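Have a look at the structure below before the remarks.
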Amino acid sequence: MNIDQAIQERRSIRGFQDKPVPQALLEEVIALANRAPSSMNTQPWHLHVLTGEPLEQVRKGNTERMLGGVTPTRDIEDYAAYEGEHRQRQIEIAIQLFEAMGIERHDAERRQDWVMRGFRQFDAPVSIVVCFDRSLLNNTIAHFDTGAMTYGLVLAAWARGLGAVINGQGIMQSPVVREVANIAEDQVILTCVALGWPDDGFVANDVVSRRRPVENVTKFLGFDG
């Protein structure tokens, strides 16, 4: 698969086969993602790859705390509620997903179950916890750099037949993740990536989010014509 194909065809995968992912394949994916550019070659990222019992412990801890009403605790400042066009795009993808899954607006139980799937890392066989050096916490370039590496991660995975979704819900109870994964305090937990072999029967996996055309996001200056 060439880079154009991977970028064009990649989509967020939220349903996975109950099938392990070999460590050697994950190392290959991470080695490619590790080639991401970073400011002054700082390479601020750290990855913690969970599967099996450690991942089940995180799922259990996240679920118990969320259902118990524990306020989410993240290492990074939580973003405010989206407004305007950003809120509209958030609603649009939610509608696409709920329609694909046949979840009605009034079906509170299924809507709640969908939300909890995120805290369970979408029941994926692998969760990659993405961190960066705490000394760079107030340096927004470190967030940008780590994001570039994370995008490389999901593209490299997709090119090898793996599916992934970048999943902030999975680390909203960051103390659970830190304890289970034994993540050092000098690392900031930024997000996680749920990853595995896509379940072709999970209809939400076919959802493709709509994108704005180039002319709506780009301004060209100094070009002829």
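Numbers at a glance
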{"quantity": "Single residue of Val70, Val130, Val58 found to be at pLDDT 90 or above and part of a loop (DSSP other than H, G, I, E, B)", "calculated": "Val70"}
{"quantity": "Selection count, region 200-225, where residues are out of contact with any Lys or Arg (no Cβ under 9 Å at 6 or more places or on another chain) and more than 22 Å from His86 (Cβ to Cβ)", "calculated": "9"}
{"quantity": "Residues within region 179-225 that are of a type in the set (S, T, N, Q) and within 19 Å of the chain's Cα centre (by Cα), tallied", "calculated": "4"}
{"quantity": "Residue that is surrounded by 21 or more Cβ atoms within 10 Å (Cβ to Cβ), within 21 Å of Glu27 (Cα to Cα) and not hydroxyl-bearing (Ser, Thr, Tyr), where the choices are Gly163, Gly147, Gly170, Gly152", "calculated": "Gly163"}
{"quantity": "Residues of region 54-91 classified as more than 30 Å from Ala181 (Cβ to Cβ) and exposed (fewer than 12 other Cβ atoms within 10 Å of the Cβ), total", "calculated": "7"}
{"quantity": "Residue tally, condition assigned to a helix (DSSP H, G or I) and within 20 Å of Val58 (Cβ to Cβ), over region 147-171", "calculated": "8"}
{"quantity": "Selection status of Asp206, out of contact with any strand residue (DSSP E or B) (no Cβ under 7 Å at 6 or more places or on another chain) and among the acidic types (Asp, Glu)", "calculated": "yes"}
{"quantity": "Scan of region 28-54 for residues that are over 17 Å from Ala124 (Cα atoms) and either assigned to a helix (DSSP H, G or I) or among the β-branched types (Val, Ile, Thr) (or both), ordered by number", "calculated": "Glu28, Ile30, Ala31, Leu32, Ala33, Ser39, Met40, Asn41, Thr42"}
{"quantity": "Residue that is modelled with the highest pLDDT [pool: residues in region 2-24 that are exposed (fewer than 14 other Cβ atoms within 10 Å of the Cβ) and of a type in the set (A, V, I, L, M)]", "calculated": "Ala24"}
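The values are calculated or read from the model by the stated rules, or taken from the named source; none is laboratory data. All figures in this text were calculated on a predicted structure; none of them were measured in a lab. Glycine also receives a Cβ, built like all others from the backbone with ideal geometry; neighbour counts cover every protein chain displayed.
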